[in-house]
Amino acid sequence: MTADKHMIALGRRVREVRKGKGISQERLAEIAGVDRSYMGNIERGEKNITLKKSSEVCDALGIDIKYLI
């Protein structure tokens, strides 16, 4: 799937929040219940994730989903 600007923006925001909280990509993936490589795909904007998965990532980061938009 080709990344579009929305997927890239969401992925960048996930990475920004994750790094700001000092959480490794591997740890975030573990907390969110996804594979580390899948988390990398999200952060690079390569996966068009569902609203449910976005919510799970936000829960793992301890943020409201509105901070990713």
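The values are calculated or read from the model by the stated rules, or taken from the named source; none is laboratory data. Only a predicted model underlies this, so the values are computations on that prediction, with no experimental measurement involved. A quick note on method: Cβ atoms are made from the backbone with ideal geometry, for glycine too, and the neighbour counts reach across all protein chains shown.
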Residue under evaluation Leu68, criteria (1) within 10 Å of the chain's Cα centre (by Cα); (2) at pLDDT 95 or above, criterion not met: (2)
Any pair with Cβ under 8 angstrom, 6 or more apart, that starts in the stretch 19-36 at a residue that is basic (Lys, Arg) and ends at one that is outside any loop (DSSP other than H, G, I, E, B) and crowded, with 16+ Cβ neighbours inside 10 Å: Lys21/Leu61; Arg36/Gln25; Arg36/Ala29
Over the stretch 42-69, the set of residues touching a helix residue (DSSP H, G or I) at 6+ places or on another chain (Cβ under 8 Å), assigned to a loop (DSSP other than H, G, I, E, B) and closer than 19 Å to Lys5 by Cβ is Arg44, Gly45, Glu46, Lys47, Asn48, Ile49, Ile69
Only one of these conditions is not met by Leu51: (1) farther than 17 Å from Ile65 by Cα; (2) surrounded by fewer than 18 Cβ atoms within 10 Å (Cβ to Cβ). Which number is it? (1)
Residues of the stretch 6-41 satisfying the condition of being within 13 Å of Ile69 (Cα to Cα) and either of a type in the set (A, V, I, L, M) or outside any helix (DSSP H, G or I) (or both): Met7, Ile8, Ala9, Leu10, Val14, Val17
Please count how many residues of the stretch 41-65 are within 11 Å of the chain's Cα centre (by Cα), over 13 Å from Gly11 (Cα atoms) and among the charged types (D, E, K, R). 2
Suppose the filter is surrounded by 14 or more Cβ atoms within 10 Å (Cβ to Cβ) and touching a residue at least 40 places away in the same chain (Cβ under 8 Å); does Val14 pass it? yes
